[in-house]
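Notes for the one structure printed next.
The values are calculated or read from the model by the stated rules, or taken from the named source; none is laboratory data. These figures come from a predicted structure and were not determined experimentally. All Cβ positions, even for glycine, are placed from backbone atoms using ideal geometry, and neighbour counts span all protein chains on display. Keep in mind that these areas ignore ligands, DNA and RNA; they rest on the heavy atoms of the full protein, side chains included. Shrake-Rupley method; radii C 1.70, N 1.55, O 1.52, S 1.80 Å.
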Amino acid sequence: MVDTPGPSKVRVRMAPSPTGPVHVGNIHTALFNWLFARKFGGTFVLRFEDTDRERSERKWEDVIYEEMRWLGLDWDEGPDIGGPYGPYRQTERLDIYQRYVDQLLAQGDAYYCYCSPEELAAERQAAERAGQTYRYSGRCLHLSEAERAALAAQLEAEGRSPAVRLHVPAGITLAWDDLVRGRIETESNTIGDFVIRRGNGIPVYNFAVVIDDITMKITHILRGEGHISNTPMQLLVYRALGVPAPQIGHLGHILGTDRQKLSKRNGDAYVGDYRAKGFLPEALFNFLALLGWTPEDEQEVQSREQLIEKFSLERLTRAPSIFDLTKLEWLNGVYIRELSVEEFARRCLPFLQKAGLVEDHPSASRWTWIQQVLAIEQPRVKTLADIVQATEYFFKDEIEYDEKAVRKVLKPESRLFLQDALQLLEKVPSEKWQSGVLEGLLHEYVERQGVKNIQVFQPIRVAVSGRAATPPLFDTLALLGREKTLARLRHTLSERVPKENSEEGLD
Ligand code: GLU
């Protein structure tokens, strides 16, 4: 067991495979490694496990960079910025792995395996038929020199190369003090000699990851519990190389509310989905940090800086955690309210542009107006994407009417109120078109008529927005502007308000 390194020596890593969008579970473990590094002034390394050549693509590397930058997880060494222990892509490190393979072969801890896939499949099937767990028979371990040479020549003639297996010594206990789960032990007898380098020269994950961790001087590993079963094999590689293993901890899975692993079926599994839905990175960061870890003060809202300060390995929990979307939405709301109006508007802008509501380069005066519009919804929206639906009637020329609101609010008796309101508002010149002025005018009218506010204000609201619920009415009218307000009142009067008695029985 390696001693806990001095704080400044902490070196941790994230080692994703660039084969698809970034899963929330991967970023979750990365986040704890990052917090640990930042807390102790250590180093956070990003490297790619790209040995699956069919599925690994540069575009997915870019997505990883992008999602990490978005979440504020910066790295100190990585494929794009280099570092003292590079390269940071496994496919660029094949010679390094080969050196260690050669060392193990020379030591007699690894051996060439000439078995064909068919032979191995037959072995496996025989074990299954006998109801035994399959382990490699060790056939190629016991070859004589002559048999070895003959098989090597045969493979060469077929244009194939042998795989290399690690020889697993019998009767030893493989144990580690898991940083999250305490002591875990396995007997080596349960593990057959396993391939460390395939015939095509590509190392397997359990070997390459160890060589990377050794050569990059990784001190601590926090990863998902799915890797618990890999750890004994990795310990065998450390043992064979005579190098102490880093300290390893396995975090619990993140589950959907159905207690199944988070996937498309029970929610959104990718970081990009949450981004596209308008969750703020600070909210997702905060939320993920509280899955599987609790700060001593049990506060829900924690800034990045607070999380760094409070983070401790001791408070990581092994239990799976539930991805509670309602809580994330609540946290998102908290962070949305904390933004300045300008910052909120800046973050909403791409959503409005994508929806075709705002042009690419709004003028300064239009930008000021956009900020005012967004500000009235800032207290309400759950996500940035919600802003589109919430404010589109400000941006569009023609509104869509909510038919339910129309039926409920626009009655024959609303006609008179809307006509009067239109007449009153037509008299307000543009320079006086302000919330307070409009409010005074319409309140005075309501009083004169001796009716309730709602009888007059609701029809106006539906007439100008198409909906029954909006932010405060006079702010809405002021921001809509004189022309749009009057045009919508006229349009609603002529198209949507039923004539006296003609629509009876509609309700
Ligand atoms: N590529 C592996 C993963 O993302 C790395 C596992 C590890 O951290 O050892 O799950």
ask   = Considering the chain, which cysteines have no disulfide-compatible partner, defined as another cysteine with its Cβ under 4.7 Å away?
value = CYS115, CYS348
inquiry  = Could you work out how much longer the chain between ARG337 and VAL451 gets when fully extended? Use 0.36 nm per residue separation minus the Cα distance between them, nm to one decimal.
reply    = 37.4 nm
key: Sites ALA149 and ASP177, calculated FRET efficiency, Cβ-Cβ separation with R0 45 Å, nearest 0.05   = 0.50
Per-residue HN-Hα couplings for segment 330-340 [Karplus 6.51, -1.76, 1.60; θ = phi - 60°; Hz; x = Gly/Pro] = 5, 4, 4, x, 4, 6, 4, 5, 6, 6, 5
inquiry  = Using the basic label-point model (7 angstrom from Cα toward the beta carbon), what is the ASP397 to GLU118 distance in nanometres?
reply    = 7.3
ask   = List the lysines whose alpha-carbon lies under 28 Å from that of LYS427, not counting same-chain residues fewer than 8 positions away?
value = LYS396, LYS411, LYS452, LYS484, LYS499
remark   = Between ILE196 and residues 5 or more places away or on another chain, the pairs with built amide H atoms under 5 Å apart involve VAL164, ARG165, LEU166
task = For LYS39, go through the lysines and keep the ones whose alpha-carbon is under 22 Å away, minus same-chain ones fewer than eight residues off.
result = LYS9, LYS217, LYS310
remark   = Once the dipole of the chain is set up from charges on Cβ (+1 Lys and Arg, -1 Asp and Glu), the residue from the list HIS253, ALA122, TYR134 lying farthest towards its positive end is HIS253
query = From a point 7 Å beyond the Cα of GLN103 in the direction of its Cβ, which residues of segment 165-209 have a backbone N at a distance under 17 Å?
reply = 165-167, 196-197, 203-204, 206-209
inquiry  = Under 8 Å for C-alpha pairs, at least 6 residues apart: give me the relative contact order for the chain, rounded to a whole percent.
reply    = 12
query = Based on the mean of other beta carbon atoms within 10 Å per residue, what is the order of 459-466, 157-164, most packed first?
reply = 459-466, 157-164
query = What 222 nm value per residue comes from the helices of the chain, counting each DSSP H run with n ≥ 4 as -39,500 (n - 2.57) and dividing by all residues, nearest 500 deg cm²/dmol?
reply = -14500 deg cm²/dmol
query = Residues in segment 90-120 near a label at ARG198, defined as backbone nitrogen under 17 Å from the 7 Å Cα→Cβ point?
reply = 90-95, 97-98, 113-120
query = Shape of segment 290-346 from its Cα gyration tensor (a ≥ b ≥ c, root eigenvalues): rounded if a/c is under 1.5, otherwise prolate when a/b > b/c, or oblate?
reply = oblate
query = Using unit Cβ charges (K, R positive; D, E negative) and no other charged atoms, how large, in debye to the nearest 20, is the dipole of the chain about its Cα centre?
reply = 340
ask   = Quick one: Cα centre-to-centre distance for segment 226-254 and segment 57-128, in angstrom?
value = 15
task = Go through 443-454, 54-65 and give me the packing order, highest mean Cβ count within 10 Å leading.
result = 54-65, 443-454
request  = Within the set of other residues whose C-beta is less than 12 Å from the C-beta of LEU262, count the net charge using Lys and Arg as +1 and Asp and Glu as -1.
outcome  = 0
Estimated D of segment 251-325 in µm² per second, where Rh is the Kirkwood radius over Cα pairs and Stokes-Einstein applies at 37 °C, 0.692 mPa s = 249
ask   = How long are the three semi-axes of the equivalent ellipsoid of segment 298-445, in whole Å, if each is the root of 5 times an eigenvalue of the C-alpha gyration tensor, listed from largest down?
value = 42, 20, 16
ask   = In the chain, with Lys and Arg counted as +1 and Asp and Glu as -1 at Cβ, which of these residues, TRP367, GLY72, PRO162, has the Cα nearest the positive end of the dipole, that is, farthest along it?
value = TRP367
request  = Would you work out what percent of the accessible area of segment 34-121, with all protein chains in place, is carbon or sulfur (probe 1.4 Å)?
outcome  = 47
message = List the residues, sorted by chain then number, that are 5 or more residues from PHE48 or on another chain and whose placed amide H is less than 5 Å from its amide H.
response = ARG89, GLN90
Bins of 20 Å from zero: percent of alpha-carbon pairs in the chain = 18, 37, 24, 15, 6, 0
ask   = Extension gain GLU92-GLN353, at 0.36 nm per residue separation less the Cα-Cα distance, in nm?
value = 89.9 nm
